[in-house]
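What follows draws every value from the coordinates through simple rules; no lab data is involved. The shown structure was predicted, so the numbers you read here are calculated from the model rather than taken from an experiment. Backbone-built Cβ (ideal geometry, glycine too); neighbour counts: all protein chains shown.
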C-alpha cells in the first residue's frame, strides 16, 4: 500500500494559494522551512497547557501559546479556555476569523504537531 506523509499545514497551503509574485513564493517556501524547524509537541504535551496560566491551542497542526492573548481576545478568554490544550481548527474556521486575526495568530506560534502518516487518498481530499 502506498502512503503519503503530511508535513505541511493548511495554513501554509492557504498562503501558497494566494501567492501573487515570485518574491512571495520564496517567502512562502521560507515559512514552510521555518515551520519544519519548529519544536514538535505531541497532543498529550499540548493537553498539559489547558488553563489560564498556560493556554495552548492547535490550529491546522500548529501549536500556539495564547496565554498572553486571553485578556485581549475579542470573543473573551472563555472561548480560548474552552479549547485550551486541544485542537480547535474547526472552531477557528467556523468563526470566520479575518486575515488580520490569522496574521496576529502567528505571533503566538510555538511549535507543531508531528507529521502523521496518511494514505494517498487522504492527502488528496
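Summary of computed values
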{"item": "Cα pair distances of region 43-106 binned at 10 Å [whole percent]", "result": "23, 62, 15"}
{"item": "Order of 57, 35 under a 10 Å beta carbon neighbour criterion, fewest first", "result": "35, 57"}
{"item": "Distance (nanometres) between label positions extended 7 Å along Cα→Cβ at residue 104 and residue 42", "result": "3.4 nm"}
